[in-house]
Amino acid sequence: MNLTDLQDAPELLQREFLGSLSSLLITEETGTYEGLLYLTRLASGCGLHLSAEDIYTYGLDFESGDLDKICTDLQEYKYAYLVEAFVVANLANASSAMFGMIADMAALMGCDKEEICVLAYVAKGKLTDDFDVLKSIPVSLDDRWEGEFYGIIPESWLASQRITCAEICVEKMVKRSYLYYPRCCKIIPCKIEGIRDYGSMVKKGTLILRYAELEGHTYTGDDAPRKIRTILAPSDGIVFTADVWKSSDVSDQNDKYLAVYLVSPFDNEDDFWEWFENK
């Protein structure tokens with residue numbers, strides 16, 4: 001469930017969402033004005049035409065006993081809710097008690113410590129418009145975050161985190177003379193010895209590719225001299241691989257390359273391939 005799905009939620013849930021955030025805001029003595037302006041913009045983004053006064057009233061009407069109901073009703077939108085709750089808390093320069101309340105709600109919604117940490121960092125990135133903070137988060141070795149924050153983490157930032165770790169030639173067309181007649185044949189400049197599975201999550205420094213590179217092209221038999229090369233992950237991320245075809249030195253032929261990319265744990269596979277096709 002990504003954050004933009006809130007725009008398609010039933011209006012009653014949207015109002016409940018905003019009312020609960022407003023109640024958190026007005027429990028603090030600071031940041032109420034900035035927070036209400038923020039919630040007004042959030043409401044507008046959901047298609048609700050509410051004034052700051054309307055949202056303030058929703059907060060006053062919210063009762064602490066509604067906490068369990070909110071956590072149940074908004075379970076499907078828990079990431080959206082908790083990110084916005086952290087944003088509101090920061091706008092209000094909130095006390096530790098308010099952050100403790102948000103953490104309690106996160107626990108009621110079934111979030112673990114990693115989720116709470118990631119959501120707080122995403123909120124910080126949104127508030128400061130600096131998503132580089134996400135690069136310092138230690139994330140688990142699964143794909144739980146892929147595409148979760150679509151509409152919050154900018155596509156431009158995700159694209160900037162797509163690293164080309166290697167692009168090696170694995171099939172090359174060359175001309176050889178046999179009995180004085182030129183003939184086109186295929187050689188293997190690089191033999192893949194080991195590679196991480198497509199879509200696997202890796203930590204910084206992890207081996208993601210090992211290959212044997214041909215030393216010179218005068219001899220290309222199975223026992224030709226080769227040098228072992230290794231590629232390590234430059235950061236935490238997800239491994240994507242792609243076959244790339246480039247024009248060969250031999251006319252009307254193409255050489256095959258293997259490209260290995262490392263992308264942010266928050267990236268989306270479909271977005272990556274759209275970027276790949278258009279870069």
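Values as computed for the structure displayed
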| item | result |
| --- | --- |
| Residue of ILE192, ILE152, ILE55 that the Gaussian network model of the chain assigns the largest fluctuation, springs spanning Cα pairs under 10 Å | ILE192 |
| Correct option for semi-axes √(5λ) of the Cα gyration tensor in Å [calculated from the coordinates] among (1) 54, 18, 13; (2) 38, 23, 15; (3) 37, 20, 15 | (1) |
| Gaussian network model of the chain, springs between alpha carbon atoms under 10 Å - residue of TYR257, TYR121, TYR81 with greatest fluctuation | TYR257 |
| Distant-in-sequence amide H partners of GLU193 (H built 1.01 Å from N, under 5 Å) | ARG210, TYR211, ALA212 |
| Cα gyration tensor shape of the range 147-279, rounded if a/c is under 1.5, else prolate or oblate by comparing a/b with b/c | oblate |
| Globularity ratio of the range 111-218, using Cα Rg and 2.2 N^0.38 Å | 1.68 |
| Contour minus Cα-Cα distance for ALA259 and LYS227 (0.36 nm per residue) | 9.6 nm |
| Per-bin percent of Cα-Cα distances, the range 100-167 [10 Å] | 17, 48, 28, 6, 1 |
| Amide H partners (placed H, <5 Å) of GLU171, local residues excluded | LYS256 |
| GNM result for the chain, Cα springs below 10 Å: residue of ASN90, ASN268, ASN254 fluctuating most strongly | ASN254 |
| Kirkwood Rh (inverse of mean 1/r, distinct Cα pairs), the range 43-100, angstrom | 13.0 |
| Calculated FRET efficiency for the pair ASP112/LYS191, C-beta based, R₀ 35 Å, to 0.05 | 0.25 |
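Every read-out reported here was derived from the displayed coordinates using simple, explicitly stated rules and does not represent laboratory data. Everything quoted here is computed from the prediction, not taken from an experiment. Every residue, glycine among them, receives a Cβ derived from its backbone with ideal geometry; neighbour counts consider all protein chains shown.
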